[in-house]
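Below is one structure, written out as structure tokens, with a few remarks after it.
The values are calculated or read from the model by the stated rules, or taken from the named source; none is laboratory data. Computed from a predicted model, the values in this text were never measured in an experiment. Cβ atoms come from the backbone with ideal geometry, glycine included; neighbour counts cover every protein chain shown. Just so you know, the surface numbers come from the protein's heavy atoms only, side chains and all, with ligands and any DNA or RNA stripped out. Shrake-Rupley method; radii C 1.70, N 1.55, O 1.52, S 1.80 Å.
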Amino acid sequence: MRSRISRGLVFTTLCLIGVSTVYPLVFMAVNSMRTTQAFELNPFGLPTHLSLSSYSALFSTVPFFQSILHSLFVVVPAVILATFASSLAAFVFTKVPIKLGNVLFWTMLMIMFMPGIVVLLPLYVEVARTGLANNFAPAIFIYTAINIPYGTYLLRSNFRAIPDSVVEAARVDGASWFKIFLRVILPIGKPGIITVGILTFLNIWNDLFISLVLLHAPNTEMVTPTLAQLSGKYTSNIPVLMAGLLLGALPTLILYFATARVFIRGMLSGAVR
Amino acid sequence: MSRKSRPATVRSTSLQATPLERTRRKRNIFSYVALLPAALLVLGLMVLPIGATVWHSFTNWDGVNSTFIGLKNFELIFHNPIIYQVLLNSLIFLISVPLILVASLIAAVLVYEKVLGWRVFRFLFFIPMVLSPVIVGVLFSTFFLPGGAVDQVLRVFGLGNFSWLGNPWSARVVVILALVWASFGFGMVVLLSAMSTVDTALYDAAAIDGASWWRRLRSITIPMISGSLQFLSVINVIYTFTSLFAFVYVITAGGPGFSTTTVDYYTYITTFENGQFGYGAALALLLFLIVLTLTIAQVKLFPNREVQQGS
């Protein structure tokens, strides 16, 4: 692959794939600012004049802004709880001697591969029976629990890379295990923990199934079910739909753009498996 | 265990025998306390529910009352013609797995060439991965609406409006395309991470021997990352069976007819829309057994050190 032609070919192919991943974002942005008539005439190309009427139409027909808040309200505590619990568990599995540690870890791994519906079905019934349907608390804890096995799995391989000698040195200095976790493991493992935190955020924010089942009342609905239903109501009005999609994607896109450096490095360092 | 406690031993011998025991006990208490949050949540909100699902798969359960009916649910499942259609759909959707692997491999290999702007490409290829399946699904269904973006492109070639989502096979194609587009970024990252561990001396030696680019790809890169390819294959097979729900929900709602209904989507309908919880539990369990069988089959088919070590 030294010749100029083949490098040019590689570059062109990369550009084509790149266009395929970026174009949908452009499509959403551009068409959210077109009127319906303008969209039907020409869905491609640049809009001749920008109109924000789709956005006002979006906000006046569905409680879109609230749905974003509901999502944040569920996702943020769940991400913090899940990442914290996973970090502690991964620390125990890698650095603290514990009886049956491996058995516990592999049990967790088995549970990780369980289809979501196996878990959610009785939980849904229980939540409805105890009158907690459309309550944020069960959703937060269920999302937390479901993301713990994967987080623990990822962080275990991450913490393994931290030399045992560092932990031993701290032990010799008389540090308690909890102190070692706070002062040694968290700072050294920070890139991995952040990566896992971002992955967990994406998992929960982007999920449809659990939010659809647990939070279906208009005053608790999260953003993905809102978007999914929007597509049913507005297939005739694509610009409104695109406005919703873009705003719904914005939090994850911002998170990705802002953390890409750490996140991509974390993913590449084998944090994903 | 003993290796780690040695420094503490040295220290405590200068004092007494009891502090050592105290550290050991304390250490154990710590490990249980530290595991408690994870263990409680996983036990209460995953293990117990799994047990409940297993139990209720043998009952007639409407969400309030349940009566034990033995294997009746499973009998009903196997006498339900829709189940066979749904299983067939999931098998058809498995076509996406090799497509995802090939797309991920192409992206990873090309990025690894490190041509101008390769970091930017790596950054861009990851965008679909951060979007919700709901967003990807709605986008794709918009593109494939009659008279939508795809039809307008095809019009240039003299092809008329086509009801992509109204026809079983083309509807499946749309779902598969959306899935491949959404998934290749993750595959690329996994493969890139594996490729970065390949010793570059191998490539240098091959280049000296005059091996072509294709030859090096086939004989060095692919064998060296086969463990990661297998990992991706396992993950994506599981995903195809258990996580197409959101794509199907927004793109086709399972239609036309049941031609794009997957097992997880069908379980959702029977359980949460029709309220047949016992039957749904049996279906969910069946889904788990299928996934388990396919995972074991793949691990056995490609005996590979990496996956077995669970690294």
Looking for whichever is facing chain B (nearest Cβ under 7 Å) and either within 25 Å of the chain's Cα centre (by Cα) or within 29 Å of A:LEU212 (Cβ to Cβ) (or both) here; the options are A:VAL172, A:VAL119. Which one fits? A:VAL119
Given (1) on the phi < 0 side of the Ramachandran plot; (2) more than 9 Å from chain B (Cβ to nearest Cβ), index of the condition A:LEU100 fails: (1)
Going by what's in this entry, would B:THR293 be described as open to solvent by 30 Å² or more (accessible area, probe 1.4 Å), of a type in the set (S, T, N, Q) and either within 19 Å of B:ILE92 (Cβ to Cβ) or without any contact (Cβ under 8 Å) to a residue 12 or more places away in the chain (or both)? yes
If A:LEU186 satisfies every condition in (1) surrounded by fewer than 16 Cβ atoms within 10 Å (Cβ to Cβ); (2) modelled with pLDDT under 85 but one, which is the exception? (2)
Take B:SER233 and tell me if it is hydroxyl-bearing (Ser, Thr, Tyr) and either surrounded by fewer than 16 Cβ atoms within 10 Å (Cβ to Cβ) or away from chain A (no Cβ under 11 Å) (or both). yes
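Looking at the structure I just gave you, is A:THR200 among the hydroxyl-bearing types (Ser, Thr, Tyr), buried (at least 23 other Cβ atoms within 10 Å of the Cβ) and within 11 Å of chain B (Cβ to nearest Cβ)? Even if it seems obvious, please write down each step before you answer.
Values: among the hydroxyl-bearing types (Ser, Thr, Tyr): yes; buried (at least 23 other Cβ atoms within 10 Å of the Cβ): yes; within 11 Å of chain B (Cβ to nearest Cβ): no.
Taking the combined requirement at face value, the residue does not satisfy it.
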Identify, please: which residue in the stretch A:7-26 is more than 23 Å from the chain's Cα centre (by Cα) and more than 7 Å from every other protein chain (Cβ to nearest Cβ) and is, among those, least open to solvent (accessible area, probe 1.4 Å)? A:GLY8
So A:ALA89, is it in contact (Cβ under 8 Å) with a residue 40 or more places away in the chain, at the interface with chain B (Cβ under 9 Å from one of its Cβ atoms) and open to solvent by less than 10 Å² (accessible area, probe 1.4 Å): yes
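Being of a type in the set (S, T, N, Q), outside any helix (DSSP H, G or I) and at pLDDT 50 or above narrows it down to one of B:ASN60, B:ASN28, so name that one.
Working: B:ASN28 fails: outside any helix (DSSP H, G or I).
Just one listed residue meets the conditions, B:ASN60.
Open to solvent by less than 20 Å² (accessible area, probe 1.4 Å), at pLDDT below 90 and farther than 27 Å from B:LEU105 by Cα: which single residue out of B:THR271, B:THR261 fits that description?
B:THR271
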In the stretch B:134-149, the residues that are under 32 Å from the mean Cα position of the chain (by Cα) and over 17 Å from A:VAL30 (Cα atoms): B:VAL134, B:GLY137, B:SER141, B:PHE144, B:LEU145, B:PRO146
Can you tell me which residue in the stretch A:217-250 is surrounded by the fewest Cβ atoms within 10 Å (Cβ to Cβ), limited to those that are facing chain B (nearest Cβ under 10 Å) and closer than 23 Å to B:PHE186 by Cα? A:LEU246
Quick check on my filter: what residues within the stretch B:51-70 are over 21 Å from B:LEU289 (Cα atoms) and away from chain A (no Cβ under 12 Å)? B:THR67, B:PHE68
Among helices (runs of 4 or more DSSP H) entirely inside the stretch B:79-170, those with 2 or more residues being crowded, with 22+ Cβ neighbours inside 10 Å and among the aromatic types (Phe, Trp, Tyr) are B:118-125
Just checking, which of B:LEU105, B:LEU101, B:LEU116 is modelled with pLDDT under 90 and among the aliphatic types (A, V, I, L, M)? B:LEU116
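Considering only the stretch A:27-37, state which residues are free of Cβ contacts under 8 Å to residues at least 40 places away in the same chain and either open to solvent by 30 Å² or more (accessible area, probe 1.4 Å) or touching a His at 6+ places or on another chain (Cβ under 9 Å) (or both).
Within the stretch A:27-37, A:GLN37 is the sole residue that qualifies.
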Return the only residue of A:VAL79, A:VAL96, A:VAL74, A:VAL62 being closer than 21 Å to A:ASN237 by Cα, in contact (Cβ under 8 Å) with a residue 24 or more places away in the chain and open to solvent by less than 40 Å² (accessible area, probe 1.4 Å). A:VAL62
If B:ALA201 satisfies all but one of (1) within 31 Å of the chain's Cα centre (by Cα); (2) part of a helix (DSSP H, G or I), what's the number of the condition it fails? (1)
What tally of residues in the stretch A:203-233 results from selecting those that are touching a residue at least 60 places away in the same chain (Cβ under 8 Å) and in a loop (DSSP other than H, G, I, E, B)? 9
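Take the residues in the stretch B:252-264 that are without any contact (Cβ under 8 Å) to a residue 24 or more places away in the chain and at the interface with chain A (Cβ under 10 Å from one of its Cβ atoms); name whichever of them is farthest from B:SER170 (Cα to Cα). Step through it out loud before you land on a result.
Of the stretch B:252-264, the ones without any contact (Cβ under 8 Å) to a residue 24 or more places away in the chain are B:253-254, B:264.
Those still in the list that are at the interface with chain A (Cβ under 10 Å from one of its Cβ atoms) too: B:253, B:264.
On the way: B:ALA253: 14, B:ASP264: 21 Å.
Of everything passing the filter in the stretch B:252-264, B:ASP264 is farthest from B:SER170 (Cα to Cα).
Can you tell me how many residues within the stretch A:119-137 are open to solvent by 20 Å² or more (accessible area, probe 1.4 Å) and touching a residue at least 12 places away in the same chain (Cβ under 8 Å)? Quick ask: steps written out before the conclusion?
Taking the stretch A:119-137 and keeping what is open to solvent by 20 Å² or more (accessible area, probe 1.4 Å), we get A:124, A:126, A:128-137.
With touching a residue at least 12 places away in the same chain (Cβ under 8 Å) added as a condition, the list becomes A:124, A:133-136.
Within the stretch A:119-137, residues that are open to solvent by 20 Å² or more (accessible area, probe 1.4 Å) and touching a residue at least 12 places away in the same chain (Cβ under 8 Å) number 5.
Filter the stretch B:56-110 down to the residues that are of a type in the set (Val, Ile, Thr) and farther than 26 Å from B:GLY280 by Cα and list them by number.
Narrowing the stretch B:56-110 to residues of a type in the set (Val, Ile, Thr): B:59, B:64, B:67, B:69, B:77, B:82-83, B:86, B:92, B:95, B:97, B:100, B:102, B:106, B:109.
Within the stretch B:56-110, B:ILE95, B:VAL97, B:ILE100, B:VAL102, B:ILE106, B:VAL109 qualify.
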So, in the stretch B:56-78, exactly how many residues are in contact (Cβ under 8 Å) with a residue 12 or more places away in the chain and either open to solvent by 60 Å² or more (accessible area, probe 1.4 Å) or not small (Gly, Ala, Ser) (or both)? 13
